[in-house]
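The values are calculated or read from the model by the stated rules, or taken from the named source; none is laboratory data. None of these values were measured; they are calculated from a predicted model. Using ideal geometry, Cβ is built from the backbone for each residue, glycine included, and neighbour counts are taken over all protein chains shown. The accessibility values were calculated without ligands, DNA or RNA, using every heavy atom of the protein model including side chains. Shrake-Rupley method; radii C 1.70, N 1.55, O 1.52, S 1.80 Å.
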Amino acid sequence: MNIPIKLLSPKAKIPTRGSKCAAGLDLYASEDYSCYPGERIVVKTDICIKIPDGYYGRIAPRSGLALKQGIMTMAGVIDSDYLGEIKVILFNANFFFSGGKLQDHNRLSQLNLFRVAAGDRIAQLIIEKYYDFPFVEVNNLGDSERQDKGFGSSGK
């Protein structure tokens, strides 16, 4: 299956796989950015894609950025009828603590400042199948072992 892609600038890069069997395709920043701890930014990729009907794109974090730099993605569903530029919301989840003690905000802000350069890999795009199930209103959902037990009820 081919996915049509439109590059919006010379800085745009076609998403790439890190390995032959990688599910996620790396997305690249098209501009430079800085993101302070606790801040979220919108990063441009300068690409538009046409996802086939019956599929959607999911923006997922890169594990290395999450582990080593505390960078997470937010939001991240691209519907097949969206044809605009793919943008990625990044969140710098680093906090101002070290050794369990609150540290000087200015010093740690600089230490935990995340910088993105044009051409950096920032997230992954995963194309996934979805199923269009209709909702049917009922008076009773039946029984299950869990019933309505919520958060944490299934154990560790």
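Against the criterion of solvent-accessible heavy-atom surface with a 1.4 angstrom probe, E85, E31 sort, most first, into E31, E85. Annotation note: trypsin sites (Lys or Arg not before Pro) in the stretch 1-83 located in DSSP loop regions with a Cβ neighbour count of at most 10 within 10 Å are K20.
Loop-located trypsin sites (Lys or Arg not before Pro) in the stretch 115-146 (DSSP state not H, G, I, E or B) with no more than 14 neighbouring Cβ atoms inside 10 Å: R146. Normalised per residue, the accessible area of the stretch 45-97 is 50 Å², obtained with a 1.4 Å probe and no contribution from ligands, DNA or RNA. Between D120 and A29, the built amide H atoms are under 5 Å apart, and every one of these is 5 or more places off in sequence or on another chain.
For D26, the residues whose modelled amide H falls within less than 5 Å of its own, excluding neighbours fewer than 5 places apart on the same chain, are T16, R17, G18, L125. Its relative contact order, with pairs defined as Cα atoms under 8 Å and 6+ residues apart, puts the chain at 29 percent. Ordered by solvent-accessible area of protein heavy atoms (1.4 Å probe), largest first, the residues V88, V77 come out as V77, V88. Treating r as the C-beta distance of S9 and K68 and R0 as 25 Å, the FRET efficiency rounds to 0.30.
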